[in-house]
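One structure is given below, encoded as structure tokens.
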Amino acid sequence: MDSKCTKRSFLYTGCDEIDKQHQGFFRLLEKFNSQIADHENSQIADIISELYLYSIYHFETEEKIFSQYPSIDFSKHLNQHQAFSDKIEQFNSVCLLDNPKETNKILKFMENWLISHIQKIDIADFKAIEDFENKK
Ligand SMILES: [Fe+2]
Ligand SMILES: [Fe+2]
């Protein structure tokens with residue numbers, strides 16, 4: 001199945017490695033979505049863990065790139081990554097309550113957060129890097 005990133009070219013940052021990771025995120029969300037429909041709650045808990053680990057891996061990749069550009073201010077970006085990780089940790093405990101309505105909200109939150117973060121923050125900051133490189 002195509003991920004939302006390949007369907008939605010407006011989500012491209014122009015950085016291949018990052019775009020591939022975003023696609024991976026959407027694939028996990030799709031898997032999450034189908035398992036909510038089947039009410040397999042133990043698997044949902046596993047997927048939330050998987051999403052948490054994937055988000056850490058992805059944010060580290062972005063932050064490693066940003067660390068190569070000390071003259072660009074990425075503080076707003078890093079704060080958003082931290083807030084997302086904190087939110088997933090909270091969701092992990094909600095999931096243990098075995099509440100399908102709440103897990104549905106988790107999925108919606110993650111999908112909306114990811115689309116909004118890529119559009120408003122990732123694309124802008126990778127554009128700033130590109131502009132910086134072009135001025136060299
Ligand atoms: Fe990202
Ligand atoms: Fe990001």
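Nothing in this text is a laboratory measurement; each read-out follows from the coordinates by a stated rule. None of these values were measured; they are calculated from a predicted model. Cβ placement follows ideal geometry from the backbone for every residue including glycine, while neighbour counts extend to all protein chains displayed.
The alpha-carbon of residue 105 sits under 29 angstrom from the alpha-carbons of these lysines, leaving out residues fewer than 8 places away in its chain: 4, 7, 20, 31, 76, 87, 120.
Please rank 56, 106, fewest neighbouring Cβ atoms within 10 Å first, as an exposure proxy.
Fewest to most other Cβ atoms nearby, the residues stand as 56, 106.
Which order do 46, 122, 16 fall in if you start with the one that has the fewest other Cβ atoms within 10 Å? Kindly include the intermediate steps, with their values, before the conclusion.
Working: 46 14, 122 22, 16 9.
Taking fewest neighbouring Cβ atoms as first place, the list is 16, 46, 122.
Residue exposure proxy: 87, 136, 20, ordered by other Cβ atoms within 10 angstrom of their Cβ from fewest to most, comes out as 136, 20, 87.
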